[in-house]
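Below is one structure; the comments refer to it alone.
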Amino acid sequence: MTREYDDIIHLPNHVSTKRPHMAAINRAAQFSPFAALTGHDAAIKETARRTDERVELDEYMRETLNQKLQIIADQLKEHPEITITYFQPDDKKDGGAYVTATGIAKKIDEYERLVVMTDGRAISIAEIISIKGQIFDYYV
């Protein structure tokens, strides 16, 4: 009894004389899964990304921050190094993140309500929740 492909089963594999041999990894890549939902994984990761809620400061904390800002403004010529913790709103969803920046204060822009650092970073005064630095040790 003969099988259907007995006449060709023992023939050698065909090797092209016109095209170079393709590596097994490249051949396998042809059959990689098709991503029908492009961007779906990114959307899931974005939804799962956690953000912090903005903390509202009470009147006492707001007054303390204003006093510290005044001290910084008075001492700008001494180039005080300060550490500011502030809220940075998220561009894509509600909430944001609290960021801590350490640097030398360059100026306080009263009109724009910004603290400008020497590295060019501009921090909104409305978003600041904490200011620390050795400059405040003298005023305790």
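The values are calculated or read from the model by the stated rules, or taken from the named source; none is laboratory data. The shown structure was predicted, so the numbers you read here are calculated from the model rather than taken from an experiment. Backbone-built Cβ (ideal geometry, glycine too); neighbour counts: all protein chains shown.
Some values worked out for this structure:
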{"item": "Number of the condition not met by residue 61 [criteria: (1) part of a loop (DSSP other than H, G, I, E, B); (2) surrounded by 10 or more Cβ atoms within 10 Å (Cβ to Cβ); (3) at pLDDT 85 or above]", "result": "(1)"}
{"item": "Cβ pairs under 8 Å, 6+ apart, first in region 96-117 and within 22 Å of residue 53 (Cβ to Cβ), second among the small types (Gly, Ala, Ser) and assigned to a strand (DSSP E or B)", "result": "113/124"}
{"item": "Criterion: farther than 30 Å from residue 136 by Cα, under 32 Å from the mean Cα position of the chain (by Cα) and part of a loop (DSSP other than H, G, I, E, B) - qualifying residue of 17, 38", "result": "38"}
{"item": "Members of region 105-140 that are aliphatic (A, V, I, L, M), at pLDDT 90 or above and assigned to a helix (DSSP H, G or I)", "result": "125, 126"}
{"item": "Criterion violated by residue 102 - all others in (1) modelled with pLDDT under 80; (2) surrounded by 11 or more Cβ atoms within 10 Å (Cβ to Cβ); (3) hydroxyl-bearing (Ser, Thr, Tyr) satisfied", "result": "(1)"}
